Amino acid sequence: MRISQIELREIRMRLLRPFETSFGVTLDRRILIVKVSDGSQDGYGEVTAGEGPFYCHETVDTAWLVLAEYVIPRVVGKELAAARDFAPLVADIRGHYMARGGLEAALWDLEARQQGQPLWKFLGGTREEINAGVSIGIQPSIDKLLQVIHDEIDAGYHRIKIKIKPGWDVEVMRQVRAAFPKARIMGDANSAYTLADIDVFRQMDAFDVMMFEQPLHYEDIIDHAELQRHIGTPICLDESIHSADDARKAIQIGACRIINIKLGRVGGHREARAVHDVCRDSGVPVWCGGMLESGIGRAHNVALSSLENFSLPGDVAASKRYWAEDVIEPLVEVNPRGTIAQRMEPGIGYAVNVDALERFTARRQVFSV
Ligand code: OSB
Ligand code: MG
């Protein structure tokens, strides 16, 4: 495919309610959307970086810079045999996975459209329906949290993830388990703890928690292996995993028993699939993480989740949990059985609502040769 034009667009979208994690509160999202064109068709991707460098080092602004200065010049005006040939073109760039991943995803959407195939099938996926889960931010009170969990279980969601941080952990888990004896629950710490907190996790071991996600430092695997030796609940890594090689090493040393795959965090679909394969071959289940995406990033997550080893419900949920108005049509919907059906249309399978995209746009730059 010849990439004749690439467009970067920053859109602004306000979440329906603030989302609080151990690293901060998000309400107003700045989202970087990448569009690639071959002259007749477009492909869309989303850069999943946050507004500030708190989940990882990347931000919307660093991604814009790296894409504009270092990535796009290698692609625009060029002939690419396939989307999978993109990663080697930018393999010398260190870090900036989300920046690269946003453009990479757009290329996969474009290639799938060119082939007239839905992206999920083009990726080799087999799950025509995926189980949806939710990630629930830190709430003002435990009572409020219990009410939110009740509503999400009512809506059909298969797994409830609770954000935890020091002081919002053992007692919260205890009460959640007591109120919902059968629910599949898990905790995500976003690196808020150290090995000095082993006892906190040992206490939570008693509550039949599916997994603790990224309890320790965002670049660590060694200490996670140590923590895993002291607890029965599986550790799931998020922040620490950027490649299939990272996954291999983490599994080898016993740092985790589950991996959360995020498209942006690993630099795109090609590496996401490689991480998936390493985990599958080691008997480690994976699930698809979320980054408060607009419909475009969400559609990519739905497609990625179709791969066979995505055997656990992910953080892929309905558009209407996040946005009053999304940028795709139809919206990503979760049915009463708590599942999201794959689309049969080519590419990501959702049409981009160009009118909404325009109205949300804060800046835009077009690259062509
Ligand atoms: O750690 O999974 C995370 C959101 C922003 C940054 C990091 C994370 C999250 C979530 C939300 O947990 C997942 C979602 O609903 O999109
Ligand atoms: Mg996480």
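The values are calculated or read from the model by the stated rules, or taken from the named source; none is laboratory data. Only a predicted model underlies this, so the values are computations on that prediction, with no experimental measurement involved. As a convention, Cβ positions derive from the backbone with ideal geometry for all residues, glycine included, and neighbour counts pool all protein chains shown. Areas reflect the complete protein model, heavy atoms only, side chains present, ligands, DNA and RNA absent. Shrake-Rupley method; radii C 1.70, N 1.55, O 1.52, S 1.80 Å.
Brief remarks follow.
- Tally of residues being surrounded by 15 or more Cβ atoms within 10 Å (Cβ to Cβ) and closer than 14 Å to Ser243 by Cβ across segment 79-95: 3
- Residue list for segment 1-40, filter: over 17 Å from the mean Cα position of the chain (by Cα), within 23 Å of Trp64 (Cα to Cα) and either among the polar types (S, T, N, Q) or at pLDDT below 95 (or both): Ser4, Gln5, Ser37
- Pairs, first assigned to a loop (DSSP other than H, G, I, E, B) and open to solvent by less than 60 Å² (accessible area, probe 1.4 Å) in segment 205-227, second among the hydroxyl-bearing types (Ser, Thr, Tyr) and away from ligand 1 (no atom under 15 Å from the Cβ), C-beta under 6 Å, six or more apart: Val209/Thr233
- Extreme residue, nearest to Leu263 (Cα to Cα), among residues of segment 39-72 that are in contact (Cβ under 8 Å) with a residue 40 or more places away in the chain and open to solvent by 40 Å² or more (accessible area, probe 1.4 Å): Asp42
- Only one of the listed residues (Gly267, Gly290) is in a loop (DSSP other than H, G, I, E, B) and more than 16 Å from ligand 1 (Cβ to nearest atom). That residue is Gly267.
- Condition met for Trp287 (of a type in the set (Phe, Trp, Tyr), within 20 Å of Met98 (Cα to Cα) and either open to solvent by 10 Å² or more (accessible area, probe 1.4 Å) or under 18 Å from the mean Cα position of the chain (by Cα) (or both)): yes
- When segment 96-124 is limited to residues that are within 17 Å of the chain's Cα centre (by Cα) and surrounded by fewer than 24 Cβ atoms within 10 Å (Cβ to Cβ), the one that is nearest to Gly264 (Cα to Cα) turns out to be His96.
- Meets criteria (closer than 24 Å to Asp151 by Cβ, away from ligand 2 (no atom under 16 Å from the Cβ), of a type outside the set (Val, Ile, Thr) and open to solvent by 30 Å² or more (accessible area, probe 1.4 Å)) for Arg337: yes
- Segment 240-264, residues that are among the charged types (D, E, K, R), surrounded by fewer than 20 Cβ atoms within 10 Å (Cβ to Cβ) and in a loop (DSSP other than H, G, I, E, B): Arg257
- Of the residues making up segment 304-334, those that are open to solvent by 40 Å² or more (accessible area, probe 1.4 Å), farther than 21 Å from Ala106 by Cα and in contact with a helix residue (DSSP H, G or I) (Cβ under 8 Å, 6 or more places away or on another chain) are Glu308, Glu325, Glu333.
- Any chance Val302 is under 18 Å from the mean Cα position of the chain (by Cα), of a type outside the set (Phe, Trp, Tyr) and part of a loop (DSSP other than H, G, I, E, B): no
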